[in-house]
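One structure is given below, encoded as C-alpha cells.
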Amino acid sequence: MFSLFQRKRVPPADTPPEPVEIPKGLTRPESAASLLSSPRRQKLLEHIWQRTSVSRAQFATLYLAPLERYAELVQQFPASESHHHAYPGGMLEHGLEIVAYALKLRQSHLLPIGAMPETQAAQTEAWTATIAYAALLHDIGKIAVDLHVELADGSVWHPWHGPIQKPYRFRYHKEREYRLHGAATGLLYHRLLDRDVLDWLCGYPDLWAALLYVLAGQYEQAGVLGELVIQADQASVAQELGGDPAKALAAPKHALQRKLLDGLRYLLREELKLNQPQASDGWLTQEALWLVSKTVSDKLRAHLLSQGIDGIPSSNTAVFNVLQEHGIALPTPDGKAIWKAMVTSNTGWSNSFTFLKLSPALIWESGERPEPFAGTVTVERDTEAAMPPEPLAVSSAEPAVASVVLQPNPSVSAFVPGAASHAVDVVADLLSVLEVPEQTPLQQPVINHQETSRQNLAPARPPANTRPQSTELLSGTAEPSGLHFMEWLKQGIQSHKLIINEARALVHTVSDTAYLVSPGVFQRYAQEHLQVADLAKQENLPEWQWVQKRFEKLHLHRKQASGLNIWTCEVTGPRKSRRLHGYLLEDPTCLFDDVPVNNPYLSLCLPADFV
C-alpha cells in the first residue's frame, strides 16, 4: 500500500554556500531545518507527532515534509500586519500552533460521521492527515495576495516561484482585500502537498470534498473539517492576543446534545429492550418514552466512552442533569430529571421504577417509531423525591489505591476524567507547549535534520490491516480480565481514545517507561465494561479495585524496593505543581510500538532507597 509514496525527495546540497553579508533592510532566506530548530517549534512538532498514530518515518513523509515546505515558503513573514502573530516568523508559528490545536480537537471525533466503525477505523489516518493539511493551508494565500516581496536583485517574488533563494524584503499591500487570501489558497496547496498525497486523499469522496471546500475558503460547506479548522484558528489567535483559548475551543452546546442523542438512538436500536411484559430497559407509550434511569445512564456512558468521547460525567446524577440541561430528558412538574412510575402489563405484572422521560420524536423519525406498550405507565405522586442513590465508590479525583496511598491529594483532579471541562484541558495541554522558553533545550528533538534523509522514507498510507479494529479486539463478548484490560489500554492509545502526556491523561511516559494513573485508568475501564460490576460484586470489591487486582496479577509493573506497587510522580506546570499516583510498567513496549519521549512536566519521586 505504501507504493503510492515511493517518489524520492531531492536531498539538500551536501555543502551549503558560504554566508554572504546581507545588505541592510534585507532578510536572508533560511532552510526548513533552521526555521524549525527552535525549542518551541520542535516541541510543537513533537506534539503534532503524538496526535498521529504513525511511526517516525511515516510522520516524516506524511506530516513533516509538508510542514518543512510550508516553513521554506513562509520564511520570516508575519501572519498579519497588526493583528495576531504580527512579528517576523509569526506565520510559521501560527501554522504550527493551528495544526497542533486541530489535531488535538480531532481526537474527539469519529470520522466520517455516521459511518460504520470499520469504515471509520480504516480512514482514521486519512482524516487525521487531512485535518492537519487543512489547518496548515488555511492562511497560505496571504503570502500570495497580501504581501509584496522583493528580492535583492530588485525582482518581485511570488510564492508560485517556489521557496525564496535570495535575500528579500517585504511590505503589505495597502489596498488589499481582507478575505481574498481564502480564495488564493488554491494557487499554492500543490506547493505543500505532492501528487501522491493528493492521489491518496481523493480516494475518499467525503474527505476529499470537505478538503476542497476548505481550500476554497468555503468553511460552512466543509462540515466538521471546517469547524475544526475555525476552532483551532480561533484558539491560536486567542492565545497570541492574550485572550482565553478555552472559550475559542469550547464546543457549541448542540455538539454534546448531538452526541448524547446519537448514543441514545444507537442503544435503542442495538441494545436496550423495550416494552417487555416484565423486565425491560424501558417502555414506549403514546405520549412518552420511559427509560429506566440507572440502566440507560450506565449504558450511555459506556457506549460514549467506547467511542472515544470524553467529558461524560462519571456519576449518574450528573448524567441526568446533563440530559435535562440539553432538553433531552423532560423535567418533572418540580423541575427534576427523574420520574417515578408504576409499570403494569396487560398480563397483570407490575413494578415501580425510576425513569428518564423522553419525547419519542427525538429518537425516531416518522414511520420508524415502534408500537406502543400494551400496558400502562402511571406516574407516582412522590416522583420529585425519586432520585436513585449513587453507589459508593472512590471518586476519580482521589488517587488512593487500596491501602497503599494513605493521603489522597485532591489537586490531582485536573489529571483524571470528569475533573475539568474538555476545552480547558485541551488548552492546558497546549499552553504547556506554547509556554516553553526559547532557551530551554528539549529532552529529545523530534527530528534530527542532519541525520535523516527523506529520499529512502516511504510515506505512510496506513493499510487497514495494520490498525486494530475496535469491533475485533474488544467486542461485547470479551470477558473482562487483566489481559483484556491491557489490550483495551493499548488499543485506546493507538486509536487516540485514550490520550497520553496531557493534563487529563491516564497514561504518561516517565523514566523511559509507561505510567498508569490510579485509580483513574481502572475506573475508566470499568465504566466502559459494565460486566465488571457483577464480577466485582461477587468479590465484594469496588469495580476499579477488581480491575486493579487483575492487572497486578499480570506482574507487568515495576515494584519499589520496599515491595510497594504504587509510585508517585511530581507534576510541574508553568503555574503550579501537583502529584499523581500510579503504576510503572517494566516494559513500555507492551503499550507502545514507538515509545514517546518522557513527559517533560512529570518527574518520578524516588523513595529514599534510590536517592
In the range 59-89, anything without any contact (Cβ under 8 Å) to a residue 40 or more places away in the chain and touching a Pro at 6+ places or on another chain (Cβ under 7 Å) is listed as 78, 86, 87
Residue under question is residue 519, and the condition is that it be under 23 Å from the mean Cα position of the chain (by Cα) and farther than 22 Å from residue 595 by Cα; does it hold? yes
Of (1) within 20 Å of residue 198 (Cα to Cα); (2) free of Cβ contacts under 8 Å to residues at least 60 places away in the same chain; (3) basic (Lys, Arg), residue 41 fails just (1)
Filter the range 104-114 for residues that are in a loop (DSSP other than H, G, I, E, B) and under 13 Å from the mean Cα position of the chain (by Cα); which is surrounded by the most Cβ atoms within 10 Å (Cβ to Cβ)? 111
Here is a check on your reading of the model: is residue 490 assigned to a loop (DSSP other than H, G, I, E, B), in the same structural domain as residue 590 (by TED's automatic domain parsing), modelled with pLDDT of 75 or more and basic (Lys, Arg)? no
Residue count, the range 548-563, condition within 15 Å of residue 605 (Cβ to Cβ), at pLDDT below 90 and out of contact with any Pro (no Cβ under 8 Å at 6 or more places or on another chain), comes to 0
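Can you pull out the helices (runs of 4 or more DSSP H) entirely within the range 115-191 that have at least 3 residues that are of a type outside the set (A, V, I, L, M, F, W, C), within 26 Å of residue 219 (Cα to Cα) and at pLDDT 90 or above? Reasoning before the result, please.
Values: elements: 117-122, 124-137, 142-145, 180-184.
Qualifying helices (runs of 4 or more DSSP H): 124-137.
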Identify, from the list 153, 139, 146, the residue that is of a type in the set (Asp, Glu), buried (at least 20 other Cβ atoms within 10 Å of the Cβ) and in contact with a Lys or Arg (Cβ under 8 Å, 6 or more places away or on another chain). 146
In the range 30-42, what count of residues is obtained for those that are surrounded by 18 or more Cβ atoms within 10 Å (Cβ to Cβ) and not in a helix (DSSP H, G or I)? 1
Kindly establish whether residue 310 is on the phi < 0 side of the Ramachandran plot, buried (at least 17 other Cβ atoms within 10 Å of the Cβ) and at pLDDT below 80. yes
If you check 101, 189, which single one turns out to be surrounded by 23 or more Cβ atoms within 10 Å (Cβ to Cβ) and closer than 21 Å to residue 69 by Cα? 101
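Filter the range 43-100 down to the residues that are of a type in the set (Lys, Arg) and not in a loop (DSSP other than H, G, I, E, B), then identify the one that is farthest from residue 181 (Cα to Cα).
56
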If you go through 340, 336, the only one that is in the same structural domain as residue 377 (by TED's automatic domain parsing), surrounded by 15 or more Cβ atoms within 10 Å (Cβ to Cβ), modelled with pLDDT under 85 and touching a Phe, Trp or Tyr at 6+ places or on another chain (Cβ under 9 Å) is 336
For residue 201, only one of the following conditions fails: (1) buried (at least 18 other Cβ atoms within 10 Å of the Cβ); (2) over 30 Å from the mean Cα position of the chain (by Cα); (3) modelled with pLDDT of 90 or more. What is its number? (2)
Within the range 575-591, identify whether any single residue is closer than 20 Å to residue 503 by Cβ and β-branched (Val, Ile, Thr), and answer yes or no. no
Have a look at 591, 604, 516, 535 and point out the one that is out of contact with any Ser or Thr (no Cβ under 9 Å at 6 or more places or on another chain) and surrounded by fewer than 21 Cβ atoms within 10 Å (Cβ to Cβ). 535
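The values are calculated or read from the model by the stated rules, or taken from the named source; none is laboratory data. Just so it is clear, the structure is predicted and the values come from calculations on it, not from any experiment. Cβ atoms come from the backbone with ideal geometry, glycine included; neighbour counts cover every protein chain shown.
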